[in-house]
Amino acid sequence: MRYGIIFLGAMAFLLADCKVKKKAASQVAEAVSEIQVTGSVQKNTEGKTYHPAQTRFFDLLHTKLEVSFSYEKEEVYGKATLTLKPYFYAQSQLVLDARGFELHEVSLISKNGKHDSLRYVYTGDFMIINLGRKYTQSETLNIYIDYTARPGLLHAKGSSAITDARGLYFINPQLKQKGKPREIWSQGETQSSSCWFPTIDAPNEKMTQEIYLTVQAGEVTLSNGELVYSNFNADGTHTDCWRQDLPHSPYLVMIAVGPFEVVKDSWRDSVEVNYYVEKQYKPYARQIFGNTPEMMEFFSRKLGVDYPWKKFSQVVVREFVSGAMENTTAVVHGEFLQQDARGLLDETNEDVISHELFHHWFGDLVTCESWANLPLNESFATYGEYLWREYKYGKDDADAHLMKDVAGYMNDNFTESKRMIRYYYLNQEDMFDGHSYQKGALILHMLRGYTGDDAFFKSLKLYLSKRKFNTAEIHDLRMAFEEVTGEDLNWFFNQWFFGKGHPELEMDYKWKSEAQVVEISIEQVQDSVRYGIFRLPVEIVFYTKSGQVRSERVWIEDKSTVRTIMLGEEPSVVLFDPQNYLLAVKNEFRRRNDLVNIYNRFDNYLQRSYAFNQLTFGWVGDSLQIKLVERALKDKLWTIRLAATDVLTGTDATQINVFKEVLKQMAFSDPKAAVRANALICLRKLNNRENYKFFLSATNDSSYHVAATALDAVYDFSVDTAVIIAELNKQTGSSYLRARVAEILAGKGKGDYQSFFETAYQNKEWGTFFSYGAYVCRLKDEKLNDAVQFLLDRDKEFKQDGDELQSTMIQAVARQLDNKLKDVIEANKAEAEKLKKTDATRLIYEEEIRKAEATRLKIKSLLAAD
């Protein structure tokens with residue numbers, strides 16, 4: 001599962017989603033508290049209930065599903081045959097997860113194929129089946145269940161990573177939304193597979209499977225494993241048989257049905273690799289996914305364990321409830337991954353692809369045995385992004401990406417500091433956060449730095465080989481590292497996986513010429529009562545003027561650490577943790593000349609970005625900073641060039657004017673779209689009309705982001721021209737550019753844009769729909785009535801379907817309109833009061849008041865939540 005944030009522009013008012021299983025209010029109030037910590041409010045979401053791995057009473061060996069669908073009723077018609085045996089102890093009853101089912105038959109299939117009915121109790125969430133007698137570990141049972149599932153009726157919401165938990169979704173089932181394909185797809189994590197088929201819905205269960213999907217003519221299916229056959233039926237439907245004969249967990253079961261186009265690829269000429277996309281994106285499928293076979297080869301070689309499954313497919317679906325999902329051999333991606341060639345210049349989303357692929361070792365091949373151990377899945381998948389970038393684009397690129405993980409973790413830790421492995425969560429969905437993903441990746445990077453590459457990857461190979469097609473807990477990983485390195489690593493795992501927070505270090509050094517030594521002092525200044533004192537191995541590298549380089553590993557185990565290092569000559573540069581392996585806040589006391597020396601001496605991202613950020617922090621625009629930015633704008637590393645333009649966007653026009661020529665050159669020819677866009681933002685601040693033609697030309701940039709930035713700049717000088725360009729780009733392939741287009745047309749456009757905004761709403765393109773409120777506030781008479789009716793109809797849909805996000809968007813537009821109508825009423829009242837009651841002109845103002853009040857009355861129900 002790729003943990004990400006849904007982009008919603010400036011819509012800070014949007015509601016957060018609830019969790020899958022609601023706790024009683026008293027339990028939540030008891031378990032969730034807010035504590036004042038170092039000036040920030042922190043939540044404590046640790047509950048009081050211990051959540052171990054699920055006790056295994058049965059071993060689910062195989063699942064056979066025969067499934068068909070009703071688009072009209074949004075129902076699943078299933079026949080499930082589950083092959084099981086008692087795990088160890090003899091059992092006389094079987095408990096299966098099955099949420100919101102109508103059960104037609106529950107029976108035991110005898111050896112002669114006869115169905116013997118079984119008694120059962122069904123709660124609506126699970127079924128307790130009386131087996132009639134005790135069965136031992138040596139006996140295998142085949143349980144048959146005929147059922148109807150209605151996942152759309154379930155009220156099960158997810159988390160920030162998985163925004164809904166109904167298990168299976170019908171998209172545009174009645175084909176009412178023009179331009180949107182009709183699809184069915186599933187999402188099983190964490191425990192939602194049981195919303196559409198009966199199972200033991202726990203991550204420590206492993207099974208093989210076969211799924212028979214009966215679908216309409218022209219529909220393409222995808223599921224785990226290999227497509228065995230496709231049969232055409234007399235009624236015009238066809239049945240596809242998908243079989244996976246290697247075991248995996250039930251939450252990884254997937255199906256997808258839709259009018260997909262399939263682009264075929266392969267790995268090592270023997271493993272099928274396929275890309276399922278919408279028709280208009282078929283020409284770009286290889287650009288979107290084309291590095292996949294190379295990724296498979298790289299990860300296989302790096303881990304020493306070949307890709308273990310028989311195929312690897314990826315499908316893009318509409319309205320997916322997460323970023324992406326690592327279903328075994330069949331990854332599901334949200335529609336954001338589908339882009340044309342121009343959009344791919346801005347964002348390839350390759351990190352999502354590498355993340356989900358790496359899961360096929362960490363998460364699919366070896367699965368966390370409980371959700372408390374989720375970092376064994378997500379921390380590795382997140383670190384897989386780093387490994388791919390390091391291999392494909394170099395260490396500088398990977399290190400820049402890792403800094404985003406640092407920011408993600410620090411942001412999450414500011415809200416709540418948590419243990420990585422935590423058994424006392426309120427809900428398993430709480431595990432999907434910046435700790436399980438980003439912090440975990442940073443810990444693995446630190447472990448790699450401590451053990452060295454050879455030991456790190458040999459340990460991973462051992463871990464994967466020992467636990468393949470099985471589950472694991474964090475101690476399994478620790479013991480693999482201990483077996484390879486020969487070192488007891490309890491100190492590392494206890495500190496980082498079972499402890500909270502991170503160290504905050506203050507570091508300084510002094511040269512003592514008489515003794516020819518460097519005195520290193522390091523202070524741990526974090527809250528030691530809350531987080532303790534960390535044990536840390538820190539690499540310190542000394543560079544002398546004569547060219548000598550010396551590296552020392554210093555252990556920090558106390559609150560205050562002082563070490564002396566014999567050098568022989570004064571160092572010109574001292575670097576603490578130069579590879580940035582250590583997960584810590586590091587405050588170093590450095591003079592400006594030291595920082596300039598670091599920037600000049602080193603050509604890697606870590607040192608140059610550190611020095612640049614320190615030197616430009618607290619910008620005053622002195623000669624040193626000006627010269628530094630001038631150099632940084634021409635740096636070979638695009639990340640440094642971007643940082644330089646970032647600094648300038650925060651300055652005034654006078655200082656930007658110094659760099660206008662180089663900024664023009666960057667805006668026109670820098671190979672990175674993000675740098676070109678930033679350069680345009682800087683030039684826009686000059687408010688110089690001589691740049692107008694330059695901005696106009698940039699609206700045709702190959703990058704949508706650059707074009708959108710240029711369009712904003714054109715608007716500053718010519719609203720009419722900006723409107724014309726916006727009109728031409730209404731159907732652009734970029735939702736980012738379309739959001740800018742919507743803002744301009746909503747405020748200054750002269751056409752009818754109702755259908756434009758309705759399409760944005762249907763496609764849940766909230767960045768575009770956000771401007772609808774401004775558009776509606778400009779409408780009058782029939783057009784306004786049509787818009788109000790649209791709002792009322794959508795509100796009615798919400799009351800039926802319960803989509804809170806869509807309801808919030810409608811409420812926001814209604815709120816804008818209501819405020820506008822209040823102003824209209826007040827303005828017309830003021831004008832009417834200036835006239836005598838006998839003045840016929842007064843009737844005009846009174847009519848405007850009447851219409852405004854009538855419209856306010858219509859939308860009153862939309863404002864009830866306020």
TODO: May I ask you to list the residues in the stretch 172-203 that are surrounded by fewer than 19 Cβ atoms within 10 Å (Cβ to Cβ) and touching a Gly at 6+ places or on another chain (Cβ under 6 Å)?
DONE: PRO181
Open item on the list: Restricting to the stretch 317-328, and then to whatever is of a type in the set (A, V, I, L, M) and modelled with pLDDT of 95 or more, can you tell me which residue is nearest to GLN209 (Cα to Cα)?
Closed with: MET325
TODO: Identify, by number, the condition in (1) under 25 Å from GLU487 (Cα atoms); (2) basic (Lys, Arg); (3) part of a helix (DSSP H, G or I) that LYS404 doesn't meet.
DONE: (1)
Task: Residue among PHE790, PHE798 that is of a type in the set (A, V, I, L, M, F, W, C), open to solvent by less than 50 Å² (accessible area, probe 1.4 Å) and either outside any helix (DSSP H, G or I) or free of Cβ contacts under 8 Å to residues at least 40 places away in the same chain (or both) - done: PHE790
- [ ] Just give me the residues in the stretch 416-436 being in contact with a helix residue (DSSP H, G or I) (Cβ under 7 Å, 6 or more places away or on another chain), in a helix (DSSP H, G or I) and surrounded by fewer than 24 Cβ atoms within 10 Å (Cβ to Cβ), in sequence order.
- [x] GLN428
Task: Tally of residues being surrounded by 14 or more Cβ atoms within 10 Å (Cβ to Cβ), without any contact (Cβ under 8 Å) to a residue 12 or more places away in the chain and in a helix (DSSP H, G or I) across the stretch 816-843 - done: 2
TODO: Run GLN93 past the list (1) surrounded by fewer than 21 Cβ atoms within 10 Å (Cβ to Cβ); (2) assigned to a strand (DSSP E or B); (3) touching a residue at least 40 places away in the same chain (Cβ under 8 Å) and report the number of the one that doesn't hold.
DONE: (3)
TODO: Scan the stretch 540-579 for residues that are open to solvent by 80 Å² or more (accessible area, probe 1.4 Å), closer than 17 Å to PRO503 by Cα and acidic (Asp, Glu) and jot them down.
DONE: GLU557, ASP558
Open item on the list: If LYS206 satisfies all but one of (1) in contact (Cβ under 8 Å) with a residue 60 or more places away in the chain; (2) closer than 28 Å to SER270 by Cβ; (3) open to solvent by 20 Å² or more (accessible area, probe 1.4 Å); (4) touching an Asp or Glu at 6+ places or on another chain (Cβ under 8 Å), what's the number of the condition it fails?
Closed with: (4)
Task: Qualifying residues in the stretch 209-245 (those that are among the hydroxyl-bearing types (Ser, Thr, Tyr) and surrounded by fewer than 22 Cβ atoms within 10 Å (Cβ to Cβ)) - the one nearest to THR83 (Cα to Cα) - done: TYR212
- [ ] Working only within the stretch 449-463, note down all residues that are in contact with a strand residue (DSSP E or B) (Cβ under 8 Å, 6 or more places away or on another chain) and either within 9 Å of ALA480 (Cα to Cα) or without any contact (Cβ under 8 Å) to a residue 24 or more places away in the chain (or both).
- [x] TYR463
Task: Residues satisfying the stated conditions in the stretch 746-779, i.e. within 17 Å of TYR704 (Cβ to Cβ) and either in a helix (DSSP H, G or I) or touching a Pro at 6+ places or on another chain (Cβ under 9 Å) (or both) - done: ALA760, GLY767, THR768
TODO: Return yes or no: is PHE298 touching a Phe, Trp or Tyr at 6+ places or on another chain (Cβ under 9 Å) and open to solvent by less than 10 Å² (accessible area, probe 1.4 Å)?
DONE: no
Open item on the list: Here is a check on your reading of the model: is TRP511 among the hydrophobic types (A, V, I, L, M, F, W, C), over 33 Å from the mean Cα position of the chain (by Cα) and more than 23 Å from ASN597 (Cα to Cα)?
Closed with: no
Open item on the list: Being modelled with pLDDT of 95 or more, part of a helix (DSSP H, G or I) and either crowded, with 22+ Cβ neighbours inside 10 Å or within 19 Å of the chain's Cα centre (by Cα) (or both) is the requirement here; does VAL331 meet it?
Closed with: no
Task: Contacts under 8 angstrom Cβ, first residue in the stretch 482-497 being more than 17 Å from LEU376 (Cα to Cα), partner open to solvent by 50 Å² or more (accessible area, probe 1.4 Å) and in a helix (DSSP H, G or I), 6 or more apart - done: VAL484/LYS458
Open item on the list: Among the residues of the stretch 847-860, are any touching a residue at least 40 places away in the same chain (Cβ under 8 Å), within 34 Å of the chain's Cα centre (by Cα) and open to solvent by less than 20 Å² (accessible area, probe 1.4 Å)?
Closed with: no
Open item on the list: For the stretch 615-635, give me each residue that is of a type outside the set (D, E, K, R) and touching a Phe, Trp or Tyr at 6+ places or on another chain (Cβ under 9 Å).
Closed with: LEU615, GLN625, ILE626, LEU628, VAL629, ALA632, LEU633
Open item on the list: Which condition from (1) at pLDDT below 95; (2) not in a strand (DSSP E or B) is the one that ASN580 breaks?
Closed with: (1)
Task: Of all residues in the stretch 718-739 being touching a Lys or Arg at 6+ places or on another chain (Cβ under 6 Å) and in a helix (DSSP H, G or I), the one that is most open to solvent (accessible area, probe 1.4 Å) - done: VAL719
Open item on the list: If a residue must be in contact (Cβ under 8 Å) with a residue 40 or more places away in the chain and over 34 Å from the mean Cα position of the chain (by Cα), how many such residues does the stretch 575-599 contain?
Closed with: 1
TODO: Looking only at the stretch 142-162, decide whether some residue is within 21 Å of ASN204 (Cα to Cα) and basic (Lys, Arg).
DONE: no
TODO: Among the residues of the stretch 501-532, write down those that are open to solvent by 20 Å² or more (accessible area, probe 1.4 Å) and either touching a His at 6+ places or on another chain (Cβ under 9 Å) or assigned to a helix (DSSP H, G or I) (or both).
DONE: SER528, VAL529, ARG530, TYR531
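The rows are residues; the columns are (1) polar (S, T, N, Q); (2) within 25 Å of LEU857 (Cβ to Cβ).
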position: VAL723; (1), (2): no, no
position: LYS730; (1), (2): no, no
position: GLY747; (1), (2): no, no
position: GLN754; (1), (2): yes, yes
position: PHE757; (1), (2): no, yes
position: SER771; (1), (2): yes, no
position: PHE790; (1), (2): no, yes
Task: Wholly within the stretch 101-144, strands (runs of 3 or more DSSP E) carrying at least 1 residues that are more than 43 Å from the chain's Cα centre (by Cα), under 27 Å from GLY167 (Cα atoms) and modelled with pLDDT of 95 or more - done: 119-122
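The values are calculated or read from the model by the stated rules, or taken from the named source; none is laboratory data. Just so you know, these numbers come straight off a predicted model, no measurement behind them. Heads up, the Cβs are rebuilt from the backbone with ideal geometry, glycines too, and the neighbour counts pull from every protein chain shown. What goes into the accessible areas is simple: the full protein's heavy atoms, side chains included, and nothing from ligands, DNA or RNA. Shrake-Rupley method; radii C 1.70, N 1.55, O 1.52, S 1.80 Å.
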